[in-house]
Amino acid sequence: MRLILADDHVIFRDGLKLLLSQTADFQVVAEAGEASVLKDLVRQHQPDLLVMDYHMPGNDAGAVLAYLKQRYPALRIVMLTAAQSGTLFKQLVDAGADGVLLKEGCAEELLTALRRIARGEQVLAALVREKMQAADVQLTAREFQVLEMLCSGHSSTRIAERFSLSSRTVDKHRENIMRKLEVNSTTQLLNKVTELKLL
């Protein structure tokens, strides 16, 4: 399996590359430290498998995942994350992730999961499945992206620019998010996100 590794932490990436080099199953053909270069790398190297960290600079990892799965349906994509949000896990699965694995997992579990994914299975860590079942907040992928930026302190104007939307559309997303989370202010929204561990 030709594989691309994408993680902005070089030590983690090097450790994963060393682990994969000890098996004949995988060949690392490229590496990335930013999500923004992944589209070009996939087009250039045509890998069988992409292992990427969810929290990477340079682009929205969820959007990159959806883009790549749409254009390269045979590409197997594994998302690694330290997050604990069932809602986030649902978004990644809905976007087409073939695997959602936790970075805290052990090496042997990771290799086993990658082999299963390479065979065409979808693999979700046990905690990922548990959190997804417990998550009852039904946000769309776009609403979740807007929520992330709101919680990072970005204005509606900045969010509109980021996703090429009108300010009116962003305001509508904000309204829908607050209605679904049953809050009436930004402070309440931030508290609810923390309470539900949405991010």
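The values are calculated or read from the model by the stated rules, or taken from the named source; none is laboratory data. Owing to the predicted nature of the structure, the values given are computational and were not obtained by experimental measurement. Reconstructed Cβ throughout: ideal geometry from the backbone, glycine too, with neighbour counts over all protein chains shown. What goes into the accessible areas is simple: the full protein's heavy atoms, side chains included, and nothing from ligands, DNA or RNA. Shrake-Rupley method; radii C 1.70, N 1.55, O 1.52, S 1.80 Å.
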Qualifying positions in region 187-198 - open to solvent by 80 Å² or more (accessible area, probe 1.4 Å) and in contact (Cβ under 8 Å) with a residue 12 or more places away in the chain: Lys197
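Yes/no per residue for (1) on the phi < 0 side of the Ramachandran plot; (2) within 12 Å of the chain's Cα centre (by Cα); (3) modelled with pLDDT of 90 or more; (4) not in a loop (DSSP other than H, G, I, E, B):
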{"residue": "Gln70", "(1), (2), (3), (4)": "yes, no, yes, yes"}
{"residue": "Ala83", "(1), (2), (3), (4)": "yes, yes, no, no"}
{"residue": "Gly105", "(1), (2), (3), (4)": "yes, no, no, no"}
{"residue": "Asp136", "(1), (2), (3), (4)": "yes, no, no, no"}
{"residue": "Leu139", "(1), (2), (3), (4)": "yes, no, no, no"}
{"residue": "Val170", "(1), (2), (3), (4)": "yes, no, yes, yes"}
Looking at region 1-14, which of its residues are out of contact with any strand residue (DSSP E or B) (no Cβ under 6 Å at 6 or more places or on another chain) and in a loop (DSSP other than H, G, I, E, B)? Asp8, His9
Give region 15-68 a look and list any residue that's in a strand (DSSP E or B), over 15 Å from the mean Cα position of the chain (by Cα) and not aliphatic (A, V, I, L, M), or say none. Gln27, Glu31
Between a first residue in region 141-165 that is of a type in the set (Lys, Arg) and a second residue that is open to solvent by 40 Å² or more (accessible area, probe 1.4 Å), which pairs have beta carbons less than 8 Å apart while being 6 or more apart in sequence or on different chains? Arg162/His154
Residue in region 50-57 that is modelled with pLDDT of 90 or more, at negative phi and open to solvent by 30 Å² or more (accessible area, probe 1.4 Å) present: no
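Just checking, how many residues over region 61-81 are open to solvent by 20 Å² or more (accessible area, probe 1.4 Å) and out of contact with any helix residue (DSSP H, G or I) (no Cβ under 7 Å at 6 or more places or on another chain)? Reasoning before the result, please.
The initial filter retains those residues of region 61-81 that are open to solvent by 20 Å² or more (accessible area, probe 1.4 Å), namely 63, 66-67, 69-74, 76.
Now restrict to residues that are out of contact with any helix residue (DSSP H, G or I) (no Cβ under 7 Å at 6 or more places or on another chain): 63, 66, 69-71, 73-74.
Result for region 61-81: 7.
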Whichever residue in region 1-49 is over 22 Å from Lys69 (Cβ atoms) and of a type in the set (Ser, Thr, Tyr) and, among such residues, is most open to solvent (accessible area, probe 1.4 Å): Ser21
Between a residue in region 172-186 that is part of a loop (DSSP other than H, G, I, E, B) and any residue that is surrounded by 15 or more Cβ atoms within 10 Å (Cβ to Cβ) and at pLDDT below 90, which pairs come within a Cβ distance under 9 Å, given they are 6 or more apart or on different chains? Glu182/Lys192; Val183/Lys192
Considering only residues that are touching a residue at least 12 places away in the same chain (Cβ under 8 Å) and of a type in the set (Val, Ile, Thr), look in region 1-31 and name the one that is nearest to Gly120 (Cα to Cα). Ile4
Looking at the structure I just gave you, is Arg115 out of contact with any Pro (no Cβ under 7 Å at 6 or more places or on another chain), open to solvent by 20 Å² or more (accessible area, probe 1.4 Å) and without any contact (Cβ under 8 Å) to a residue 40 or more places away in the chain? no
For region 86-101 the number of residues that are free of Cβ contacts under 8 Å to residues at least 40 places away in the same chain, assigned to a helix (DSSP H, G or I) and farther than 12 Å from Ala141 by Cβ is 0
